[in-house]
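Read the figures in this text as sums done on the coordinates, not as results from a lab. Just so it is clear, the model here is predicted, and its values are computed rather than measured. A quick note on method: Cβ atoms are made from the backbone with ideal geometry, for glycine too, and the neighbour counts reach across all protein chains shown.
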Amino acid sequence: MIDLITTYYGNAIRQDKTCLSDMRKAVWAVYFHIRSSDEEPLHSFCPVGPNSWCKYQNQVVEGNVETFRHSNKLPVAVMDAIKPVFNDLSQPKLLQKCLGCSQLASLDKNDALREIKLRLSYFQGKSTTMSVIAHQTEKEWISANEKSRQRMSQTQAEGAAEQHAARLEDAHLRAHHSCFTTSERC
């Protein structure tokens, strides 16, 4: 499921690369799409039309929405627990960095994937489901990071990867240092 979430999040950033409000709407579409159930369909943010990635919206176009059945893979409690992560990942300050889809935007997308991993890792040990999500997120981040590196030329990758890794390591160390030096909950 975490692969699906990170894929949809990445698609939201890539597909709506020129309009910040559309990008935010697409990020929230991921959350509400996954949170939807037969009793509570929440597809108002999902793209409409016959070419939509949302099967519910496809059924609306075909007039077969009454026969559509959701396949909930995450409990509502888990979706409620990760909603703050989506809130953080849909902040204009973060998404602004992803506008335009340049190589730097690709690096910022990797920052966002790392952010998902760090935030969900907080829940590790809190519940089995959240531990699985945090572990899967880490695997997905590593996979996405490697795919991104493969797309870059070797000379671009050397310089950019070193700068990016140093920036991420510094941010990661600052975050962990603040967790241990303050009494605040991270």
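Residues in region 13-26 that are touching an Asp or Glu at 6+ places or on another chain (Cβ under 9 Å) and farther than 10 Å from Leu95 by Cα: 5 in all. Which members of region 43-96 meet the condition of being among the basic types (Lys, Arg) and within 21 Å of the chain's Cα centre (by Cα)? Those that are among the basic types (Lys, Arg) and within 21 Å of the chain's Cα centre (by Cα): Lys55, Lys73, Lys83, Lys93.
Exactly one residue among Arg14, Arg24 is crowded, with 16+ Cβ neighbours inside 10 Å and either of a type in the set (Lys, Arg) or in a loop (DSSP other than H, G, I, E, B) (or both), and that residue is Arg24. Within region 33-68, restricting attention to residues that are part of a helix (DSSP H, G or I) and aliphatic (A, V, I, L, M), the residue that is nearest to Lys83 (Cα to Cα) is Ile34.
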